[in-house]
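Please read the structure below before turning to the comments.
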Amino acid sequence: MNPDKRPLLRVVAGVLLNHQGEYLLSSRPEGKPYAGYWEFAGGKVEPSESETDALKREFAEELGITIHRATPWLTKIHAYEHAHVHLRFFRVAAEDWSGVLQAKEGQQWSWQKAGDFTVSPMLPANGALLKALAVPTELAGRLNTGLRGENSMGEYRVVPFDMAEPQHAHVLIEERELRRIGKLPAAKSVWVVMDEAAQWPRVQDADVVVWRMENPAAAQALAAVLAQGVSMPLVVYAAPDLLTQYGAAWRAAGAHALVAAEDIAHVWRRLDWSQLCRKQ
C-alpha cells in the first residue's frame, strides 16, 4: 500500500468520564462526514491553538460543558477518504469538567461502560480505543505471577504466557520471548513487557505495553516516548521509590497505569523531570 502523502490534519478528542466510571460517546451530526457514527467528542486544532485549548473549545461548542483539565492518553494516525488525521486523545476525569450536557449540534450522546459498548457504528479511528478503555488504570501484582485490576465490568486479570490456560483472556509475555516464538499469542489482549528503548519499535502490535523501569536510561527513554505520543496503553512497572519520585509526572505525560514493582531493587540518583525529558 502506498503511503498517504496528504498533509496530516491535527485533531483532538476527549474521553470524558462520569462519577460512575462511564465514558461519553456522541454521534456525528448531519452534514458531517460519517454522519450518525459514534465517536469521542472533539475536533480540529486551529493553527493558533494548543491541543488542550482546542479540546476545551470543541467541548464547549459541541456539548456546552467546560473542561478544566485533560491528561494526554493515546495518539493515532488514520487515513479517511476525506482526510489524513493525527488524532490525539485525552482523558478527562469526572472531577475535571463541569456543566450540563447539551446537544448543541443536534447530535445524540450516550454514557457507556468500558468493555460493554452498546451503540454503533463507531467512527473507524475511534473503534480501536474501545479495547484500550477496558484496561484498568489501577493495577497490582508481579510480572512473573500476573497483574490484576478492576474496570467497570468487574475483575480484570493478566496472566503470564507460560501460565496461561484457554480461559485466560489477557496474556503477558516478554518481548524477547515474543521474538523467539515469532507471533503474538492467541488471546483477547496481549501485553508485551520491555525494558530497553531499542525494544520499543518491536512492540507496536501489542494491545498493551508494560515498560519495566530498572535504570535512569529507561526512565529517560520513557519520557521521550510519552512526549511523542503512544498508540496503545503504556503501563509503567517500577519500584515504589521511583513511582514516588516520577509517578505523577508519568501519569500527566500519558502513562495509562503505574504498577509498584516490589521485585525490582536498585539505587538511583534522583533526577528531576526536566532531566528525564531532556533530548539525548
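Assorted remarks:
- Count of residues meeting criterion [over 23 Å from residue 135 (Cβ atoms), β-branched (Val, Ile, Thr) and in a strand (DSSP E or B)] in the range 12-66: 1
- Test: residue in the range 67-77 that is in contact (Cβ under 8 Å) with a residue 40 or more places away in the chain, more than 20 Å from the chain's Cα centre (by Cα) and assigned by TED's automatic domain parsing to the domain that holds residue 16: no
- Selection status of residue 105, surrounded by 14 or more Cβ atoms within 10 Å (Cβ to Cβ) and not aliphatic (A, V, I, L, M): yes
- Contact annotation: residue pairs with Cβ atoms under 8 Å, 6 or more positions apart or on different chains, pairing a residue in the range 106-132 that is under 19 Å from residue 20 (Cβ atoms) and not assigned by TED's automatic domain parsing to the domain that holds residue 170 with a partner that is part of a loop (DSSP other than H, G, I, E, B) and among the β-branched types (Val, Ile, Thr), are 110/118; 110/119; 112/118; 112/119.
- With respect to being part of a loop (DSSP other than H, G, I, E, B) and in contact with a Lys or Arg (Cβ under 9 Å, 6 or more places away or on another chain), residue 167 falls outside the description.
- Yes/no for residue 160 being modelled with pLDDT of 95 or more and more than 26 Å from residue 216 (Cβ to Cβ): yes
- Here residue 66 meets each of (1) at positive phi; (2) among the hydroxyl-bearing types (Ser, Thr, Tyr); (3) in contact with a helix residue (DSSP H, G or I) (Cβ under 7 Å, 6 or more places away or on another chain) with one exception, condition (1).
- Residue 101 under 16 Å from residue 24 (Cα atoms) and in a helix (DSSP H, G or I): no
- Scanning the range 215-232 for residues that are in the same structural domain as residue 156 (by TED's automatic domain parsing), in a loop (DSSP other than H, G, I, E, B) and free of Cβ contacts under 8 Å to residues at least 60 places away in the same chain turns up at least one hit.
- For the range 114-144, a residue qualifies if it is of a type in the set (D, E, K, R) and modelled with pLDDT under 90, and the qualifying residues are 116, 131.
- Filter result for residue 226 (touching a strand residue (DSSP E or B) at 6+ places or on another chain (Cβ under 6 Å) and at pLDDT 90 or above): no
- Tally, over the range 185-214, of residues that are within 23 Å of residue 89 (Cα to Cα), in contact (Cβ under 8 Å) with a residue 24 or more places away in the chain and part of a strand (DSSP E or B): 6
- Among the residues of the range 116-140, those identified as buried (at least 18 other Cβ atoms within 10 Å of the Cβ) and not in a loop (DSSP other than H, G, I, E, B) are 122, 125, 126, 129, 132, 133, 139.
Yes/no matrix, rows are residues, columns are (1) at pLDDT below 95; (2) farther than 26 Å from residue 94 by Cα; (3) out of contact with any strand residue (DSSP E or B) (no Cβ under 9 Å at 6 or more places or on another chain):
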| residue | (1), (2), (3) |
| --- | --- |
| 2 | yes, yes, yes |
| 9 | yes, yes, no |
| 13 | no, no, no |
| 17 | no, no, no |
| 22 | yes, no, no |
| 32 | yes, yes, yes |
| 43 | yes, no, no |
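- When residues of the range 67-87 are limited to those that are part of a loop (DSSP other than H, G, I, E, B) and small (Gly, Ala, Ser), the one modelled with the lowest pLDDT: 83
- Among the candidates 273, 200, the residue that is surrounded by fewer than 21 Cβ atoms within 10 Å (Cβ to Cβ), modelled with pLDDT of 95 or more and assigned by TED's automatic domain parsing to the domain that holds residue 164 is uniquely 200.
The values are calculated or read from the model by the stated rules, or taken from the named source; none is laboratory data. What you see is a predicted model, and the numbers here were worked out from it, not measured in a lab. Ideal geometry is used to build each Cβ from the backbone, glycine not excepted, and the neighbour counts take in all protein chains shown.
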